[in-house]
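Notes for the one structure printed next.
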Amino acid sequence: MKTHKRTKAQRLKGFPDFLPAAAAVRAHIVGVTRQRAMCAGFSVIDTPTLEYGTTLGAVAEQETSKQVYRFQDHGGREVGLRFDLTVPLARFVAEHQAELIFPWRRLQCGNAFRGEKPQRGRYREFQQCDLDIVGTTSNTAEIEIISLFSAILTQLQLGAWRLAIGHRVLLNAVLDKIYPALEAKRRGELLIVIDKIAKLAPARIAALLVEKSGGTPAQAQELLDVLQLDLDGVGEFLRHDTHLEATLSSLRQTLATLQQLNADSEGRIAFDLSIARGLDYYTGIVFETLLDEAPQLGSICSGGRYDDLIARFSARPCAGVGGSIGVDRLVPHLVARTKPPLAAAELFIAVATASARRYALLTAQMLRAKGISTAIDVSEQSLKNQLKHAHRGGYPWVAIIGDEEMQSEVVTLRNMQTGVEQKGMARKMLPMTLAVAGSSE
């Protein structure tokens, strides 16, 4: 046998492997999102993982720009791995405007890449599911997006969650009032600091506000105080800005409608002006979602309105609103919470004799055709070892097939949890038996 130099098995930090249980949960999150979104009339698209560097550079700012994976391709072009799915969407809409019917609803699930510090549930390669409505400034689109995310999070059975809604127009007005003549660069830096309020100690936030604004500690404290106000309080603070009355009224209506529509969800929806979202393409409503049981995961679902983003790639204005579910942030939480089964199949077929293997294969084919997930022994080991394998693999049911079963066209069905066996069960009864057993669990 030819020998090869052995290569150490290792993966890049922040680029995770997903074992079967985690991969199954990952697929479940995507599946629930797709089912809910398509039921609401959203169209599925896909975009390349790799984009021109100029495409990403048109939007990526400050901290995010530092995290983009950039390199030259074989043609000497400056390219980069997408850091989210929203920027590729803007490029996609600008290129295909003539082929789309607006308002247009978009669903996309895919991987994105950021060179940030890896943590539990936060990776350098990660999967997102994005929902967007493009081509309208109506707050009905905002209500539709957030309500759809609420339905998805509730169906996933994550436990209680809180979806906090802020507004960039109101936040910018507050910054203008507290920091007159604030430079655009400093404003962007302040928004990044505000976006970290839940992650850093109050004293550290106050110090950063002073540093990034060039203002005084008193101004920083005033800003922190305003960020704690409810919507009526913020409205009172900004009462002299009459041009904000329409924004305040629209946001009140949006919040009231969302709270009514989502009264039966597992979460709660509330106003929070400190929700800033660091990316500079947001122009209106913004939102973030935290799990009560796992706040350390950070936001698991976030987004907002970006009415000027597509205009960076097209002369034709096109408003948009949308958000993302951080699939991989949810995986460890759901694996621990739901304890998914080890086995990918519901039934394992153990083959007792070599002469019965063809009958066993035909049985597996029949069950699969009827939608029963079925695995069959491929090791050709002893029946004892096959049953050990089925136990270790976590299969809930085993169908044992030998010469006797083949001759009578029956199986022996064993419940692996209780050990109870049903001998001489007609093969054609298996699908109904397993369906009834599954519905009673």
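A few notes on this one:
- Consider the stretch 340-372 and keep the residues that are hydroxyl-bearing (S, T, Y) and crowded, with 19+ Cβ neighbours inside 10 Å. The one that is nearest to M432 (Cα to Cα) is T363.
- Here I376 fulfils each of the conditions (1) under 23 Å from A21 (Cα atoms); (2) of a type outside the set (S, T, N, Q); (3) touching a Pro at 6+ places or on another chain (Cβ under 7 Å) apart from (3).
Yes or no, residue by residue, for (1) farther than 19 Å from Y282 by Cβ; (2) within 28 Å of the chain's Cα centre (by Cα):
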{"position": "I178", "(1), (2)": "yes, no"}
{"position": "E189", "(1), (2)": "no, yes"}
{"position": "I192", "(1), (2)": "no, yes"}
{"position": "D195", "(1), (2)": "no, yes"}
{"position": "L209", "(1), (2)": "yes, no"}
{"position": "D225", "(1), (2)": "yes, no"}
{"position": "T242", "(1), (2)": "yes, no"}
{"position": "L248", "(1), (2)": "no, no"}
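Quick grid of which residues meet (1) among the basic types (K, R); (2) assigned to a helix (DSSP H, G or I); (3) surrounded by fewer than 21 Cβ atoms within 10 Å (Cβ to Cβ); (4) at pLDDT 95 or above:
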site: H96; (1), (2), (3), (4): no, yes, yes, yes
site: A112; (1), (2), (3), (4): no, no, no, yes
site: C129; (1), (2), (3), (4): no, no, no, yes
site: T136; (1), (2), (3), (4): no, no, yes, yes
site: E142; (1), (2), (3), (4): no, yes, no, yes
site: L148; (1), (2), (3), (4): no, yes, no, yes
site: L163; (1), (2), (3), (4): no, no, no, yes
site: V193; (1), (2), (3), (4): no, yes, no, no
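- Output for the stretch 1-60, where each listed residue is of a type in the set (D, E) and free of Cβ contacts under 8 Å to residues at least 60 places away in the same chain: D17, E51
Every residue, every condition in (1) over 19 Å from the mean Cα position of the chain (by Cα); (2) closer than 21 Å to K13 by Cα, yes or no:
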{"position": "G57", "(1), (2)": "yes, no"}
{"position": "R70", "(1), (2)": "yes, yes"}
{"position": "C129", "(1), (2)": "no, no"}
{"position": "A141", "(1), (2)": "yes, no"}
{"position": "S150", "(1), (2)": "no, no"}
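- Yes/no for E222 being assigned by TED's automatic domain parsing to the domain that holds E245, in contact (Cβ under 8 Å) with a residue 40 or more places away in the chain and more than 17 Å from G278 (Cα to Cα): yes
- Hey, D292 touching a helix residue (DSSP H, G or I) at 6+ places or on another chain (Cβ under 8 Å) and either over 16 Å from I143 (Cα atoms) or crowded, with 18+ Cβ neighbours inside 10 Å (or both) or not: no
- Wholly enclosed helices (runs of 4 or more DSSP H) of the stretch 362-441 bearing at least 1 residues of a type in the set (G, A, S) and under 39 Å from the mean Cα position of the chain (by Cα): 383-393, 430-440
- L208 under 27 Å from S302 (Cβ atoms), assigned to a loop (DSSP other than H, G, I, E, B) and either of a type in the set (F, W, Y) or free of Cβ contacts under 8 Å to residues at least 60 places away in the same chain (or both): no
- For R312, the test of being at pLDDT 90 or above, out of contact with any strand residue (DSSP E or B) (no Cβ under 7 Å at 6 or more places or on another chain) and surrounded by fewer than 22 Cβ atoms within 10 Å (Cβ to Cβ) is passed.
The values are calculated or read from the model by the stated rules, or taken from the named source; none is laboratory data. Predicted, not measured: the structure shown is a model, and the values here were computed from it. Here Cβ is always computed from backbone atoms with ideal geometry, including for glycine, and neighbour counts include all displayed protein chains.
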